[in-house]
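Have a look at the structure below before the remarks.
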Amino acid sequence: MLVAERRKYTIKTVEQAKSISSIWIKGMNLQNAIDFGLPEIDDRYHVWRVPVIGKLSKEKIGEVVIDAKTSLILERNSTKQEVLEKRLLGKTLNGEKTKPKGNYVVSSLRNTVGLGDSEQLMANMPAGSVDLVFTSPPYYNARPEYSDYITYEEYLLKLRKIIQQANHVLGEGRFFVMNIAPVLIRRANRNESSKRIAVPFDVHQIFIQEGFEFVDDIIWVKPEGAGWATGRGRRFAADRNALQYKAVPVTEYVLVYRRKSDKLIDWYIRNHPDRRIVAESKISEDYEHTNIWKIKPSHDKNHPAIFPVELARKVIQYYSFKNDVILDPFGGIGTVGEAATSLGRRFVLFDINPEYIEVIRKRIGRWLGRDVRDVHWMNCMPVDYTKYALQKRLDEQWQEAGKVKTLPA
């Protein structure tokens with residue numbers, strides 16, 4: 001049974017909603033300039049919302065709101081005639097819509113690993129050469145390992161510069177996804193209070209100011225008990241005094257932004273030059289249906305704060321096609337590269353810490369096999385690919401013999 005039938009609305013179908021909207025638009029003498037989009041029921045307020053579309057611009061310029069119970073137009077909630085007329089004039093140019101132009105550009109970048117400040121490395125990359133940025137920036141002084149910034153303002157300025165460079169290297173209309181969380185600054189002595197800084201909300205403002213559109217806030221939820229390591233909440237658990245309550249943090253944000261474009265997402269799907277890749281990039285039915293993602297955290301002795309490969313895989317699957325280029329400007333020990341390779345994507349990994357780059361050098365052969373010979377290395381020594389080529393031939397011989405052999409660590 002339809003929602004309108006369950007609610008016993010007078011207006012039950014989209015055709016009825018459009019018909020009533022047409023009568024109202026005719027009263028303004030705008031019927032020749034206006035079409036309607038797909039009407040939707042807003043059953044929280046018991047209304048139908050009918051998008052008003054300019055015939056020439058094909059863009060939404062307003063909406064008609066209809067009381068679903070009485071079928072009356074709610075004029076206070078609907079877009080006014082003078083507003084519709086103004087938007088109609090503003091959305092047309094010489095009577096024709098300015099359509100998105102340009103061809104779908106496929107990046108020619110190879111898998112790349114670079115040692116150095118990602119702000120500088122990104123400045124030397126070709127414009128629009130990356131299809132997705134996914135990263136988790138270093139914490140602001142939340143741990144002894146992360147004490148590179150004297151002030152919080154200096155930290156935010158660095159993130160702004162990275163986001164600015166991402167706007168340069170990221171393709172028009174493509175996504176920048178950032179895993180980020182509030183940080184707890186421990187007190188220096190018992191006479192001070194600890195401080196928790198809402199980093200995601202400050203970073204959100206930077207994204208908007210730098211020309212990105214907000215798309216989604218995904219909440220990464222860790223298993224119960226994961227947050228006790230920080231010590232936050234232990235005092236309250238012991239005393240349970242009013243005013244002392246502090247929630248134990250078991251979530252992080254995965255914020256999704258899109259570089260501004262007049263092209264809709266559908267444009268990229270329709271205009272991709274390889275239809276096979278589009279088909280192979282379709283998501284299986286076993287996907288995340290809500291913005292709450294329950295994923296176990298990961299740990300690695302080589303890095304104090306890595307995010308799980310599973311998190312990277314989900315982001316890469318949902319926001320890129322196969323063969324796309326995925327950039328992580330804070331590459332760490334290469335989690336994004338590992339996930340990208342497993343999903344048939346290319347990667348660009350930058351990090352300023354030579355120890356992390358060395359971990360990538362030791363592990364990259366497991367991801368790529370003999371294809372490691374094609375990696376572009378920046379400011380660091382390439383990996384000797386001959387042993388991986390030999391291992392690949394051995395693996396093929398074992399497979400032909402019907403046996404299974406795994407690459408040793």
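Some values worked out for this structure:
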item: Some residue of region 59-80 being assigned by TED's automatic domain parsing to the domain that holds residue 10 and touching a Pro at 6+ places or on another chain (Cβ under 7 Å); result: yes
item: Residue satisfying condition, being in contact with a Gly (Cβ under 8 Å, 6 or more places away or on another chain) and over 12 Å from residue 174 (Cα atoms), within set 303, 272, 299; result: 303
item: Residue in region 301-320 that is farther than 30 Å from residue 106 by Cα, modelled with pLDDT of 95 or more and in contact with a helix residue (DSSP H, G or I) (Cβ under 9 Å, 6 or more places away or on another chain) present; result: no
item: Subset of region 67-83 (residues that are within 20 Å of residue 13 (Cα to Cα) and out of contact with any Asp or Glu (no Cβ under 9 Å at 6 or more places or on another chain)); result: 67, 69, 70, 71, 72
item: Tally, over region 67-93, of residues that are in a loop (DSSP other than H, G, I, E, B), within 16 Å of residue 26 (Cα to Cα) and within 36 Å of the chain's Cα centre (by Cα); result: 3
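The values are calculated or read from the model by the stated rules, or taken from the named source; none is laboratory data. Only a predicted model underlies this, so the values are computations on that prediction, with no experimental measurement involved. FYI the Cβ positions are ideal-geometry reconstructions off the backbone, even for glycines, and counts take in every protein chain you see.
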